[in-house]
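Q: This is the structure I want to talk about, given as structure tokens.
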Amino acid sequence: MRTIHAWLLLLPALAFIAAFTHYPAVNTFIHSFFLDGRGGAPAQFVGLEHYQYLLEDEVFRKALVNNLLFASGTIPLSIGLAMTMAFLVNAGLAGQSVLRLCYFVPTVLPMIAVANIWLFFYTPEYGLLEQIRGALGLAGVNWLGSESTALPCVIAVAVWKDAGFFMIFYLAALQQIPPSLAEAAMLEGASRLYYYRRVVIPLLMPTTLFVLVNATINAFRMVDHLFVLTQGGPNNASSLLLYYIYEVSFKYWDTGYGAALTMVLLGFLALASIGQFGFLDRKVHYR
């Protein structure tokens with residue numbers, strides 16, 4: 001009877017997960033083997049043709065490389081910056097409440113608002129960065145219109161947006177560390193740097209694993225900023241996987257190929273999760 005009661009309590013959550021997570025994933029996988037009919041015609045089964053075309057799609061390869069570069073830039077930078085900010089606001093400095101507010105404000109701003117703020121920074125001739133460069137006598141740069149700078153500019157926006165959010169988790173973890181550990185380290189003659197490196201950072205590893213998983217997911221689902229900043233340009237230099245999926249599925253209405261791209265994206269996220277939880281979890285929890 002208790003088992004039945006437990007399953008009944010779990011049933012609403014399981015129903016929502018099945019309806020909004022598992023069913024769409026299975027439906028997308030099935031849809032990736034079909035070519036949508038035009039003008040009301042029935043969908044045509046094409047097998048693995050969409051996945052074979054992936055190997056020849058230069059835009060997909062470009063978006064994949066961009067997304068890997070984007071992830072390799074945003075993940076370590078946002079985590080490192082978040083940890084540093086957490087150390088600062090937890091150090092008992094004067095005005096730390098204002099400092100916490102300044103760090104956290106980017107997190108509560110809507111993504112489109114953040115993108116528009118940075119669009120003003122990057123705008124050629126009269127943007128904030130160009131005004132600073134002009135005051136220093138430097139030549140102007142089209143930050144979002146150059147293939148060499150478009151993706152780094154998008155990375156900077158993502159790091160600025162995410163670091164304050166991750167800081168909250170690190171701050172909560174720091175406040176759970178017993179003060180007696182710092183006192184013991186002081187009595188043993190350990191320097192502050194040694195204490196943070198050998199005691200604090202290892203104790204923060206469970207939080208780091210949690211933040212790492214979220215940062216990885218954010219890196220592969222970032223699409224909002226691109227609509228305002230670059231729209232994937234110039235020449236697909238800043239196009240990411242999810243933005244390319246949007247273009248294929250809703251701009252060109254090739255939903256079958258878009259479903260195949262979605263399955264590739266889900267595969268990357270699954271492999272990343274298995275790697276993070278399968279290998280790092282043992283080191284994090286010392287098993």
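Q: Out of the residues in the range 173-183 meeting the condition of being assigned to a helix (DSSP H, G or I) and open to solvent by 50 Å² or more (accessible area, probe 1.4 Å), tell me which one is farthest from Ala215 (Cα to Cα). If you could, list the steps in order and put the result at the bottom.
A: As a first pass, look at the range 173-183 and keep what is assigned to a helix (DSSP H, G or I): 173-174, 179-183.
This time we only want the ones that are open to solvent by 50 Å² or more (accessible area, probe 1.4 Å), so: 179-181, 183.
Values: Pro179: 29, Ser180: 32, Leu181: 29, Glu183: 33 Å.
For the range 173-183, the residue satisfying everything is Glu183.
Q: For the range 65-78, does any single residue satisfy the condition of being modelled with pLDDT under 90 and open to solvent by 50 Å² or more (accessible area, probe 1.4 Å)?
A: The initial filter retains those residues of the range 65-78 that are modelled with pLDDT under 90, namely none.
No, that holds for no residue.
Q: Give the residues of the range 186-213 that are more than 30 Å from Ala270 (Cα to Cα), open to solvent by less than 100 Å² (accessible area, probe 1.4 Å) and not in a helix (DSSP H, G or I), sorted by residue number.
A: Gly189, Ala190, Ser191, listed by residue number.
Q: Checking the condition farther than 30 Å from Gln175 by Cβ, loosely packed, with under 10 Cβ neighbours inside 10 Å and not hydroxyl-bearing (Ser, Thr, Tyr), which residue from Leu35, Leu55 passes?
A: Numbers: Leu35 fails: loosely packed, with under 10 Cβ neighbours inside 10 Å.
Exactly one of Leu35, Leu55 is farther than 30 Å from Gln175 by Cβ, loosely packed, with under 10 Cβ neighbours inside 10 Å and not hydroxyl-bearing (Ser, Thr, Tyr), namely Leu55.
The values are calculated or read from the model by the stated rules, or taken from the named source; none is laboratory data. These numbers come from a predicted model, not from an experiment. All Cβ positions, glycine included, derive from the backbone under ideal geometry; neighbour counts span all protein chains shown. When the accessible area is computed, the model is the full protein with side chains, heavy atoms only, and any ligands, DNA or RNA have been set aside. Shrake-Rupley method; radii C 1.70, N 1.55, O 1.52, S 1.80 Å.
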